[in-house]
Each structure stands twice: as C-alpha cells, then as structure tokens.
1. Could you count how many residues in region 351-364 are of a type in the set (Ser, Thr, Tyr), surrounded by fewer than 23 Cβ atoms within 10 Å (Cβ to Cβ) and in a loop (DSSP other than H, G, I, E, B)?
2. Do we have any residue at all in region 599-609 that's in contact (Cβ under 8 Å) with a residue 40 or more places away in the chain, at negative phi, open to solvent by 50 Å² or more (accessible area, probe 1.4 Å) and over 29 Å from the mean Cα position of the chain (by Cα)?
3. Those residues that are over 17 Å from PHE543 (Cα atoms) and touching a helix residue (DSSP H, G or I) at 6+ places or on another chain (Cβ under 9 Å), I need them from region 405-419; list them, please.
4. Of the conditions (1) at pLDDT 95 or above; (2) open to solvent by 10 Å² or more (accessible area, probe 1.4 Å), GLY53 satisfies every one except a single condition; which number is it?
5. Within region 157-195, can you find the residues that are buried (at least 20 other Cβ atoms within 10 Å of the Cβ) and charged (D, E, K, R)?
6. Quick one: which of GLU544, GLU557, GLU571 is charged (D, E, K, R), under 30 Å from ASP343 (Cα atoms), open to solvent by 20 Å² or more (accessible area, probe 1.4 Å) and touching a helix residue (DSSP H, G or I) at 6+ places or on another chain (Cβ under 7 Å)?
7. From the list SER59, SER73, exactly one residue is of a type in the set (Gly, Ala, Ser), free of Cβ contacts under 8 Å to residues at least 60 places away in the same chain and open to solvent by less than 50 Å² (accessible area, probe 1.4 Å). Which is it?
8. Can you confirm whether region 289-306 contains a residue that is part of a strand (DSSP E or B) and closer than 21 Å to ARG106 by Cα?
Amino acid sequence: MFQKILIANRGEIACRVIRTARRLGIASVAIYSDADAGALHVREADEAICIGGSTSAESYLVIKKVIDAVRQSGAQAVHPGYGFLSENAAFADALEAEGIVFIGPRNKAIAAMGDKIESKKLAAEAGVNTVPGYVGILADDIEAVKVAGDIGYPVMIKASAGGGGKGMRVAYNESEVKEGFKSAVNEAISSFGDDRVFIEKFVEEPRHIEIQIIADSKGNTLYLGERECSIQRRHQKVVEEAPSPFLDAETRKLMGEQSVLLAKAVDYCSAGTVEFIVDKNKDFYFLEMNTRLQVEHPVTECITGLDLVELMIRIAAGEELPFRQADVTLEGWAIETRIYAEDPYRGFLPSTGRLVKYQQPEKLEGVRIDSGVAEGSEISMFYDPMIAKLITNADNREQAIDRMTVALNSFQINGVNHNIDFLSAVMANPRFQKGKFNTGFIAEEFPSGFSGTELSEEIKTRMYSIAAVFAYNRDLRDKTISGQINLARRAGFKETTSFCVSIFKENQRINLRLEQTDDAYIVSHEKGTSRVRGSCNLGAKRFEGTADDIGMTVQVEQSGGRCRLKYNGCELNVTLVPSRFSDLVELMPIKLAPDMSKYLLSPMPGLLISVAVSEGEHVKAGQELAVVEAMKMENVMKAEQEGIVLKVHASAGDTLAVDQAIIEFE
C-alpha cells in the first residue's frame, strides 16, 4: 500500500479523496492555484504545494507543474479526481515515465474512451448498442450543417474530448447548427484544449442512465448497478439517484453486461462509468465512457456499501477485488443533489463571492454531505461553481426524497446565490416524485425559467404563524438585554398577555395574535388558529417543528421590519411590525429602482470575451451583442429589440461584475 498520494484536483473531490486516504493511513498531498491558497482541501491535506496562477490553464491543467509537485512531495501515486487531467492520457503517460502510479485506468483505456468518436467505434465492435451519428471530425460549420441534414434533426453537437456538459449543443435547424458549432468549439478549446467536435442524432424524450463498473488488474470486471442522471440542465447533471426508478432487473443486467464487455475490450482497470441513453421502450444506446470517478459516485456507495475511492487506491496498489458479481447487492435508495453557486431566479447564472454563512444540516438521519468549502470560503470565477453535494439514503425512494427535502430546508448559505430553492422545487414536483421524467424534465416543467414555488394558502398561513413565533422569541430575547431604560407608560396604557403583530405582503395585511401555552404557540388569524410547536433557533435563523401537526423546517431571516421566509423552494418576503405600529406602514415612502431598460447589463460576474457592436450602430432583434464567459461556460447575449448603440461601456478582456453596464442604447 502507498505511504503518500497526491491529489491532482481541488474542491469537493480533493477533500473526498483525502478523507479515504486518512482512513487508510495514507498521507495526502494537495496542490493548489493562487486562487485556492485558502481553500478547504489545502487545509485538510497533510501537506500542500502551490502550482501556479488562478486559471486552470496556469495550474491544474499543467502536467509538468503537477509532476514537479509529485517529485517535491515524494508521493508514490496520484489520484486525479474528476475533471482537469483525470481523463488525459498524456498525463498518465508522463506519470508512468516518472515511475509514479496513476490511480485510475491504464493509458490505453483513457486514450480509447477519452475520444468520443473512437469510443463509439470500439463500443460497436464490442457488441454495445450505439447511437446513430457521424463518427468523424467536423472541419467547419458548413460541413456541420451538411452532416446534420444527413442525420436528421434534432442533432447533438459534442466536443470529442468533452465532459461535464461542456462543449455540447442541441440544434433543431441549420442556424442553430452554425451557432452551436461555434460555441461548442470555443468551449472545447477553453475547457479541454481540444477543438474537435462531432455530431450524433439527438434521441428525444431520453433518459440518461449510467452503469458503474469496477475492474482490477487480475481480470475481474464487475458492474455495481446503475445511476439515474436524467434531471439535467444544459446537459449538466443536477439530481442523480440509484437505483433508477425506470429500469427493471432484466434491463439492468443487460446494460451491466454490455458495460463489462466494453471495459474488457480496452483492458480496463479501476473505477469507471459507462453512460447510456435509454428511450421510453427501455432500448439503450452507448453514449460515452468516463474513465474516472464520477461526481455522483456517492449514491452508488450508499446502496452498495462500497467505498469506490478506496477500491481505486487498492486496485492501483495491485490488490484484487475482494468480491465477485454475485456478491454485489443493491439495498435501499439514494439521491444526490448538486448545490451550485448560481442564481436560479436569473436563468441559473453563475454567482461568485465569499460564503459569509455556510451551515450544513447536522444530525439528520441518512444524510451525507461532500463539500470542498467552509464558512468564509471564496467561490471564484475560475472554476466549477459547485458548493456541495447533498446525498440522502433511505429504505425506499419516497423516504429518500423526504429526507432530501428536510436537508435542503436546513441548509444555510449566504454571500452567494445558490440553487437550493430550485432543488427543493424538483423534490416537490409530482412528476419527479412518481419517477416519470426524462432529460427534458427541467425544460418541460420550468419552460419560462424558475421563479420560485407557489405554495398553497394553508402553507403560507402556517409560515406567517411561524414568522410570528420567531418574532415573539426575538422580542423575548431583546427584553433580556441589560441596561435598558424603563420609560414611563402613557396614560391609558394596558399590558397585554398576548403578542400582536401585523404582516404585510404586497397589498395584503395579516393581523396575528400569539399566545404561548405550556407545549405550543397558539396563533390566531382571520382564518382561525394555528398551533405551532418546535424550536426557534435565533442564531441559525431557523424554525424546526410542526405547524398544525405538519412537520416544517423554515428559514427565517429578519432585518429590521423585513422578514424573509424560505421553505420547500418558496421564498416569502414580508414586512413584519408590531400591530400598534401597523397603521403607519402605509405612510412609508416607496423607493423606486432606477430605469436600466436602455442598458445591456452583465447577467453574471465573468470575463467579457467579445463585443459585437460599436457606437452608433443600428442593431436588430436577435443580433449578437456580446459574449461573457463564466465558470468555463460561454453566454451569448442578443438584442431583444431594435435600437441604436449610444455607448459601449466595456471592452473585450474586461472582468465584469454582475449588473455592470456593457452597452447603452439611445
């Protein structure tokens, strides 16, 4: 067994590998860029080495710098995690030349499966079902249009060296092929340093289901069940689960056996994943093979009881798998949600900044969190915007969903925008709960984007009651502050035993009266009364308990008279004041936001790649105005209507803040 390993990665996956290495008694070495100097993986590792500038191209993607760090540390092996150099055959070759063990598959398998075009040829030769397409490199957008026409629309344009949703575009006509080809090539160069793209048929209403395989150097190749990865946005997985609610035992066995055939065809050794597109008839087609650990591997670990990182390390050290296919059993159900630094209310645009508050759910049964951040960590524009992976495990799918809902409601993140509200909405969606979905789920269920969840009036009333309970407890705490002056009461003042508060939401006024009993809070309102039981954690700004015997975990943040309540993907913003002052609220002036309708604003923090117009130019609706890159994804901004450019406020190469002006129109 190795004495020391280096993790050639960052963030969540680096912390994940460090944890297993520590349990096995193996010393860990972290590498980091300038931007990651204070990162959690740097603090958790036994030692850490800086390898260069903030961008991936200056640090994590530079093979020479990584190998220099291995030499400097004396590590015997390297775990690549996922992304970066994890599927780079040249990196594996360079490590082998130095006598350093690569904790992953052999070079042959990486090279064969890392090229999506060659992998499809190999898959077909191995007897694996494949998707119809053009297995060749496209020279330009003209050839792309011709090939797409021959295959038939819709088509998928994909980077040959792609992964993680980067360099992928769906096109339904010629113009979309031309635009998609250009963007896919640019993203492919930016993310992988490889501009090759190809086209294949886009299977409509598909499910994305993948098979986890594990293989040792002794000839043992096994499959460890499947993962359902169909809840995606822009081809990026958002929710994964194991097993799939769609597959039956027969289809699972067939997909597993074909995955093993493909792995053996390339002499595969280590953990890997074979991805399939599955149609409504359970016909499945090979999509690609990822010769690395997957982001969603924890759900497989939960239902198999295996530690995939440990198995990878032991296999790399020459050990044989301690079990056979007949020993693999799937027990229970596991679901993973990816918590990203992005704003679902603004088209899921990336968000950057410091985690002013980061509090994970604690002491919840069946909950696992894999994260690479801590309170105070910086979410930068240079890397993937993932904050954490939240995994729940239970005896059945319904219970796993319930545990996920509670865990999401308990997660607290301030300082950056995040997608927890959206994930909560997915968990509450009837189609998701019934398992009736495909890769088009998000586009179909949220066609106009995400604007929050609409709760019933009954739930809203319970949330208002909880807000009153929270305000009451805050008032009790404030009264304990020492050094307060006891002023004389005005004439006619009467002490009351109840707590009265008014809630204003838009033009609605809700009067609440609260009285505390031995075991509950009784909140009276115009619709009757609500009985609230539970604890108000003023420090964590969270209520946990029941309202009318309905279990609820609600986040409540008060700032002056403003109060924000968050529950199950819904955010309620209200004004909360003592009832004796409620008549004065209507006299308060309303501050109007400035008119920015004549400006093109940066929708996210990022790098301005290009500006396609100049001052005085007349633009038409749909015309490209600018391209902003953030988190390695290009975002093309187009004119919504005709207009004349008055002034260009930013230039290509500028680093933009969110809502920074780029172009001003007359």
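1. Residues flagged as of a type in the set (Ser, Thr, Tyr), surrounded by fewer than 23 Cβ atoms within 10 Å (Cβ to Cβ) and in a loop (DSSP other than H, G, I, E, B) within region 351-364 amount to 1.
2. So far as region 599-609 goes, yes, one or more of its residues are in contact (Cβ under 8 Å) with a residue 40 or more places away in the chain, at negative phi, open to solvent by 50 Å² or more (accessible area, probe 1.4 Å) and over 29 Å from the mean Cα position of the chain (by Cα).
3. Those that are over 17 Å from PHE543 (Cα atoms) and touching a helix residue (DSSP H, G or I) at 6+ places or on another chain (Cβ under 9 Å): ASN417, HIS418, ASN419.
4. (1)
5. LYS158, LYS166, ARG169, GLU187
6. Only one candidate qualifies: GLU571.
7. That would be SER59, the only listed residue that is of a type in the set (Gly, Ala, Ser), free of Cβ contacts under 8 Å to residues at least 60 places away in the same chain and open to solvent by less than 50 Å² (accessible area, probe 1.4 Å).
8. yes
The values are calculated or read from the model by the stated rules, or taken from the named source; none is laboratory data. These numbers were taken from a predicted model, which means no experiment stands behind them. Note: ideal-geometry Cβ built from the backbone for every residue, glycine included; neighbour counts use all protein chains shown. Areas reflect the complete protein model, heavy atoms only, side chains present, ligands, DNA and RNA absent. Shrake-Rupley method; radii C 1.70, N 1.55, O 1.52, S 1.80 Å.
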